[in-house]
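The values are calculated or read from the model by the stated rules, or taken from the named source; none is laboratory data. In this text, all values refer to a predicted model and were calculated from it rather than measured experimentally. Here the Cβ positions follow ideal geometry from the backbone for every residue, glycine too, while neighbour counts run over all protein chains shown.
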């Protein structure tokens, strides 16, 4: 779920971890008894679902693949929901505050084409091969080495991300509500362990659908009330232009002709190639966390329809994420009625508590000289209460939601965090059992033995996650690398899977080497830029490119290197016979005929409609 | 999901219904007593009443349509 996080989070600066833990400020909100009841009802429901589904998760197919009996709607909502965690919601709302509507690229070009490609083109191969996981597909196509490399790296990421997720939730709860870290961690870890260990993937999927409804129920009021208060879309535009002095905040493409002419500091080529192709296709078509949800569909048509259904909901998400970020540019106020100016997370860290970096950090903000001086003098005024961009969503919730509704909003955030953790843990459990334990440790276990291993791996996975979270919390700088780690694998994995799926000549050694060299080159470029900032001019084609732009170009290069290595090595190694590629490669597979359905139920009709809406939205906000 | 048993939509219906009743109840209390939370904006729109009402209606609809045992 961290695959498409904004750079402020992906690079760790959102990281609530070490620095934020050390300061204490008054919590943003105080929950009433009614809010507590709303949160308690959610936990009760989650546990009820876990116990209810326990009896339907006895075989490995039921536990790891939810019995492959999900409808297209459930698989589609779960598919989108697995990516709609609270860090994404809060992070992208903060990005919208910083970059304006440009942040929407991550929801539209950064998702829709890839989701439709998965449904229309790739899903048949995953589904027909009856693989249990993405590393499982690599095994069938390239052999054991490629599977183990992908499985070990994926399992490691899932555990680390689960730990990061858990602590991120705990710290957000501490900042927003003043809850103790241990309380949040224990409660969320116990609840997630219970419902995933009991009900397996089915339970995780049920809760993701529930979470999707909760997020909309809890977050939709903010943009509705915000738009009402700001005088509608035209009123919002007028006020943002007045406050920010530019209309760039409302254009997705117009100002991307040069790195320096848009708030995000990126170029359209990076958005199209890096985000729209490599990162997006890598995440939505090869990340097992999301693909697992679609593999649980009850037939091929449902599996193909699920991402298409998901694409419509994905296109709507900016309404509850990006719009609050834009609204906060004009609506957020300090307690004395003055306009509240949010600052980067680094500034909050540097100034609360006060450090020697505070003055330099404050100079990069839009705070007035007087306010900066007051902060440095530690003078307590309404303006010196610093909040970061990433706190946009909770701040907007506190502004509009009273008792009951605030509890619903907080529940939506908690549900998002827990669902993210559950997604990490359920994907880890499947990959651990099928792609690591079974081939390397015990090949001849019974079905019930593997279910037991799956359940135990959830318990152990959560325990390691807590340890990983503490490790990240106590080691400054590790967070940057942990989250960057995730991005290293996406692009090479996409390159190896696309080559395997669409080029029958791709060989097993080439697949493994391409994946390995792609990962090494991605890590190499990251380290190169880290130690020699001038390298940015080569990696990102522009010496002053932002981290966001660097990520996009690094992904593009890693993908290209993977494809080139697979191509070259395949030319000098022996390919598999065509007969062995049935169900694995496009030109070697006769796809099963799907049952006849009326035109309005056909996948391509809905995909075409999604493409039209996608194009219209991009033109509308050009 | 196919097969017998409770569908996810029923769970969602129950949750929406419980939340809807709680929030609508609070909104009604707020309106009746005139005591609004301090610091919250746009209380004049009585958001808990219409949002809670909407959730209640959706909850009832889902609970009835997807109730266990319904063919």
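Overview of results
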| item | result |
| --- | --- |
| The listed residue being surrounded by 15 or more Cβ atoms within 10 Å (Cβ to Cβ), under 28 Å from residue A:170 (Cα atoms) and modelled with pLDDT of 85 or more, out of A:469, A:511, A:495, A:454 | A:454 |
| Qualifying residue in region A:346-365 (condition: at pLDDT 85 or above, touching a helix residue (DSSP H, G or I) at 6+ places or on another chain (Cβ under 9 Å) and under 30 Å from residue A:187 (Cα atoms)) | no |
| Any hit, region A:537-557, residues being under 30 Å from residue A:257 (Cβ atoms) and out of contact with any helix residue (DSSP H, G or I) (no Cβ under 9 Å at 6 or more places or on another chain) | yes |
| Selection from region B:1-23 of residues that are facing chain A (nearest Cβ under 9 Å) and under 20 Å from residue A:36 (Cβ atoms) | B:14, B:15, B:16, B:18, B:19, B:22, B:23 |
| Pair list, Cβ under 6 Å, 6 or more apart: region A:31-42 residue at the interface with another protein chain (Cβ under 7 Å from one of its Cβ atoms), other residue in a loop (DSSP other than H, G, I, E, B) and modelled with pLDDT of 90 or more | A:34/A:403; A:34/A:404 |
| Residues that are within 14 Å of chain B (Cβ to nearest Cβ) and part of a helix (DSSP H, G or I), drawn from region A:277-302 | A:293, A:301, A:302 |
| Helices (runs of 4 or more DSSP H) completely within region A:527-622 that count 3 or more residues being in contact (Cβ under 8 Å) with a residue 12 or more places away in the chain | A:547-571, A:603-620 |
| Those residues of region A:366-397 which are out of contact with any helix residue (DSSP H, G or I) (no Cβ under 6 Å at 6 or more places or on another chain) and either within 16 Å of residue A:339 (Cα to Cα) or assigned by TED's automatic domain parsing to the domain that holds residue A:177 (or both), in sequence order | A:366, A:367, A:368, A:369, A:370, A:382, A:385, A:387, A:391, A:395 |
| Residue that is farthest from the other protein chains (Cβ to nearest Cβ), among those in region A:66-83 that are crowded, with 24+ Cβ neighbours inside 10 Å and modelled with pLDDT under 85 | A:83 |
| In region B:37-58, residue modelled with the highest pLDDT [restricted to those that are assigned to a loop (DSSP other than H, G, I, E, B) and more than 7 Å from chain A (Cβ to nearest Cβ)] | B:46 |
| Those residues of region A:255-270 which are surrounded by 24 or more Cβ atoms within 10 Å (Cβ to Cβ) and in a helix (DSSP H, G or I), in sequence order | A:270 |
| Selected residue (only one of A:182, A:104 is crowded, with 22+ Cβ neighbours inside 10 Å and closer than 30 Å to residue A:390 by Cβ) | A:104 |
| From B:31, B:61, residue being in a helix (DSSP H, G or I) and over 16 Å from the mean Cα position of the chain (by Cα) | B:31 |
| The lone exception for residue A:294 - which of (1) surrounded by fewer than 24 Cβ atoms within 10 Å (Cβ to Cβ); (2) within 17 Å of the chain's Cα centre (by Cα); (3) modelled with pLDDT under 90 it fails | (1) |
| Count of residues meeting criterion [outside any helix (DSSP H, G or I) and at negative phi] in region A:351-401 | 20 |
| Any hit, region A:427-450, residues being assigned to a helix (DSSP H, G or I), within 14 Å of another protein chain (Cβ to nearest Cβ) and either buried (at least 22 other Cβ atoms within 10 Å of the Cβ) or touching a residue at least 12 places away in the same chain (Cβ under 8 Å) (or both) | no |
| Failed condition for residue A:130, given (1) surrounded by 24 or more Cβ atoms within 10 Å (Cβ to Cβ); (2) more than 14 Å from chain B (Cβ to nearest Cβ); (3) assigned to a loop (DSSP other than H, G, I, E, B) | (1) |
| Residue in region A:112-125 that is out of contact with any strand residue (DSSP E or B) (no Cβ under 7 Å at 6 or more places or on another chain), surrounded by fewer than 22 Cβ atoms within 10 Å (Cβ to Cβ) and modelled with pLDDT under 85 present | yes |
| Among residues of region A:143-164, those that are within 22 Å of residue A:506 (Cα to Cα) and part of a helix (DSSP H, G or I), counted | 8 |
